[in-house]
Amino acid sequence: MVPTSQRIAPSNQNTAHFEPGRFSAAIGLVLLLGIPVVLIIRIHQAISPRLLSPADPAPAFAARDLNSNKVHQIGFDGTPTALLFFSTDCPHCQRELASFDRLSRRFGDGILFLAISLSGRTKTTELIAHNRFGVRILLDEGNTGPDRFGVDVVPALFLVGADKKIAYSASGEQTFAAREQLLLDFTSSMRSIGN
């Protein structure tokens with residue numbers, strides 16, 4: 001047995017030592033790195049457009065007809081409208097446009113379908129010719145439509161009711177079945193409003 005006076009206290013190397021200087025430095029570093037990140041996020045949110053939401057009024061904009069080169073004012077005259085913004089270089093947009101074209105053949109009697117290309121005339125006409133789309137496609141090279149609708153990601157789909165207000169809005173690709181169900185619900189709601 002070892003006398004108490006000769007016992008050596010065991011050293012625990014896993015014990016954390018609190019040093020006030022290091023703690024303050026760590027807090028300072030977190031603040032120094034965190035504040036700019038928060039500011040960048042806030043600035044981006046402030047300057048990024050807000051995608052229009054249901055019940056927002058649908059804004060008018062101008063788009064060019066690819067065949068006649070005539071500029072059309074898209075003003076939503078009370079006809080239920082499906083509006084798709086797309087880019088020819090985007091594979092998601094190409095698939096969405098193909099679905100949109102199919103849906104226009106199914107629902108085109110009660111809904112006006114407009115696809116708005118944000119690409120140049122040459123690329124847009126090549127895409128149409130290659131795929132033989134029948135849906136009406138207009139050109140918006142100045143991006144006035146997307147700016148007014150708050151679009152920063154394509155494809156972007158909007159459904160505008162007879163009341164000239166947004167009934168649905170979303171960016172990104174969805175399946176044909178999802179879009180078909182959406183349009184079934186939209187036409188059903190338009191019929192119930194009309195009655």
- Task: Examine segment 91-103 for a residue that is without any contact (Cβ under 8 Å) to a residue 12 or more places away in the chain, of a type in the set (S, T, N, Q) and assigned by TED's automatic domain parsing to the domain that holds Val160, and state whether such a residue exists.
- Result: no
- Query: Which of the residues that make up segment 137-175 are in a helix (DSSP H, G or I) and over 15 Å from the mean Cα position of the chain (by Cα)?
  - Reply: Thr144
- Of all residues in segment 72-87, count the ones that are free of Cβ contacts under 8 Å to residues at least 60 places away in the same chain and surrounded by 12 or more Cβ atoms within 10 Å (Cβ to Cβ). 1
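Could you please let me know if Thr79 is assigned by TED's automatic domain parsing to the domain that holds Ser171 and farther than 20 Å from Ile166 by Cα?
So Thr79 fails the test.
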- Message: Quick check on segment 176-187. Is at least one of its residues among the aromatic types (Phe, Trp, Tyr), assigned to a helix (DSSP H, G or I), touching a residue at least 24 places away in the same chain (Cβ under 8 Å) and closer than 19 Å to Asp56 by Cα?
- Response: yes
- Message: Need the failing condition index for Ile137 against (1) of a type in the set (Val, Ile, Thr); (2) over 17 Å from Phe76 (Cα atoms); (3) buried (at least 20 other Cβ atoms within 10 Å of the Cβ), just the number.
- Response: (2)
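The values are calculated or read from the model by the stated rules, or taken from the named source; none is laboratory data. Since the model is a prediction, treat every value here as computed from it, not as a measurement. Glycine also receives a Cβ, built like all others from the backbone with ideal geometry; neighbour counts cover every protein chain displayed.
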